[in-house]
Each structure stands twice: as structure tokens, then as C-alpha cells.
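Quick notes on the structure that follows.
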Amino acid sequence: AQSTTPVTVLFFSGGKDSTVCLNLALEVAKRRNRLPLDVVHWDEEAISPDTVDYVRRVSELPEVSMRWYCFPVQHRNACSKEQPWWHPWAPEEKHLWCRPLPAKAITDIKVLPEFGVDEVPRLPIPQMNRFVYPQSLGRVAVLTGIRADESLRRRRIVSLREHDNWISHDPYSPHVMLAKPIYDWRDNDVWTAPKRFGWDYNTDYDLQSKL
């Protein structure tokens, strides 16, 4: 039977915005006795060593239950007109991988009968919710760190409705809701919070600030 309580998951990239979402979600989950927090990390392979280290530290927190996916999802390739897409961790291109698989890597996704396919297709990350959280689980809320301040496109996403503009239905998975709890935060807010509350963060940003 499906649960009447929505499954809540945090999509965690290791970036500054998902860091804020992580810590806010942990605070609420603790208050509501909903720990450990369900966290999904889509490892895009071509990420910095500091990012890898930070994601590993988060994955080792007792309050976190992380699924570390190294799956060949579809990404746009801005470096080639001949190959407009690339797939991180594609097993047929192992000789081209940027780095070895992390110790906690999940390299496949279980194919359930309800999917109606023999294997999970290589889709962009936003279209993978149906496979990570199948409909048999019931309602699912996915927390993301999308902010209106980042781009005009993202501002439009959270400006289409006057009320509850921070949450919307996943267009690819009707049982999934996409929640953007820090949609109205500014850059100063995002960086003030870790300093004020002593949160761990991705030190790759320290390196970037020196460039």
C-alpha cells in the first residue's frame, strides 16, 4: 500500500544552494523525527576534488541517507557540434573517465515492471525522478536549491503563480512535487547562513574566489 505521508528527498549537488537546502532540511527533519534525511547526489563525473570530498563528508553524516548515483544521464555538450550530448560514467567510455568511480557509487537503477521498459534510458537528470522514485511509493516531494536570483529563466519558474510559487508538479512524474524552499534567497543570504551557523561547505568556492 502507498504511504499517506509523502516521501521527501533532497537533490544535493554539493554546491552552495544545495548546502543551504541540506542544512534547513536536516533541521526540520530532526524537529519532526524524520531522520535520516533521504539525499540523492547525481555525480556528473567532471567535478572538482573539493566537491567530491564535500559530498563524501555529507554522505558520512549519521543524519543522512545518501544515494550516490554515477549513472550515464544525458548532458548537453557545449564543446562539440558533432557530439551535442555526453553521458558521464558511460561504461563504454571508461577509458575517458575524468576520475575513478567513488567508493559509494551506484551505477545502475533497478528496473521495475511499472516502468514499462527493459532498462532505464539515459535521460537528463530532471526526467529521472520517475525511476529514482517510482509511482508505487506514492507522493514524493523533491527539494532543490533553485533560486530566482540566479537567472531570468529560474526567476520565471518561480514567478508563474502568485501563491505557492515555490512548489510545482514534476511534468514528467505526476506523483512528484518539486519544491524550491530557498527560491527567494539572494547570494548574500546563501553565504551568510554557513558562516553564521558554522555549516560545513564546499571549499572549492574558496579557490574560485582567489581566481
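The values are calculated or read from the model by the stated rules, or taken from the named source; none is laboratory data. Please read all numbers here as calculations on a predicted model, not as lab measurements. Every residue, glycine as well, gets a Cβ built from its backbone with ideal geometry; the counts of neighbours run over all protein chains shown. To get the accessible areas, we keep the full protein, side chains included, count just its heavy atoms, and leave off ligands, DNA and RNA. Shrake-Rupley method; radii C 1.70, N 1.55, O 1.52, S 1.80 Å.
One residue alone among 131, 115 is within 17 Å of the chain's Cα centre (by Cα) and among the aromatic types (Phe, Trp, Tyr), and that residue is 131.
Of the residues 119, 162, the single one that is modelled with pLDDT of 90 or more, of a type in the set (Asp, Glu) and open to solvent by 40 Å² or more (accessible area, probe 1.4 Å) is 119. Residues in region 95-116 that are part of a loop (DSSP other than H, G, I, E, B) and open to solvent by 60 Å² or more (accessible area, probe 1.4 Å): 98, 100, 101, 103, 104, 107, 108, 110, 116. Taking the stated definitions as given, is residue 28 in contact with a helix residue (DSSP H, G or I) (Cβ under 9 Å, 6 or more places away or on another chain) and β-branched (Val, Ile, Thr)? When the stated conditions are applied, residue 28 does not pass them. Within region 140-159, the presence of a residue that is over 26 Å from residue 19 (Cα atoms), surrounded by fewer than 13 Cβ atoms within 10 Å (Cβ to Cβ) and modelled with pLDDT under 90 is excluded. The residues of region 67-90 that are surrounded by fewer than 10 Cβ atoms within 10 Å (Cβ to Cβ) and either under 13 Å from residue 123 (Cα atoms) or in contact (Cβ under 8 Å) with a residue 12 or more places away in the chain (or both) amount to a single one, 76. Restricting attention to region 90-117, which residues are within 23 Å of residue 134 (Cα to Cα) and not acidic (Asp, Glu)? Correct list: 104, 105, 106, 107, 109, 110, 111, 112, 113, 115, 116, 117. For region 122-139, a residue qualifies if it is open to solvent by less than 20 Å² (accessible area, probe 1.4 Å) and either touching a Gly at 6+ places or on another chain (Cβ under 8 Å) or of a type outside the set (A, V, I, L, M, F, W, C) (or both), and the qualifying residues are 129, 133, 134, 138.
Rundown of residues vs (1) open to solvent by less than 50 Å² (accessible area, probe 1.4 Å); (2) within 18 Å of residue 203 (Cβ to Cβ); (3) in a helix (DSSP H, G or I), yes/no style:
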{"residue": "7", "(1), (2), (3)": "yes, no, no"}
{"residue": "10", "(1), (2), (3)": "yes, no, no"}
{"residue": "19", "(1), (2), (3)": "yes, yes, yes"}
{"residue": "25", "(1), (2), (3)": "yes, no, yes"}
{"residue": "29", "(1), (2), (3)": "yes, no, yes"}
{"residue": "33", "(1), (2), (3)": "no, no, no"}
{"residue": "45", "(1), (2), (3)": "yes, no, no"}
{"residue": "51", "(1), (2), (3)": "yes, yes, yes"}
{"residue": "54", "(1), (2), (3)": "yes, yes, yes"}
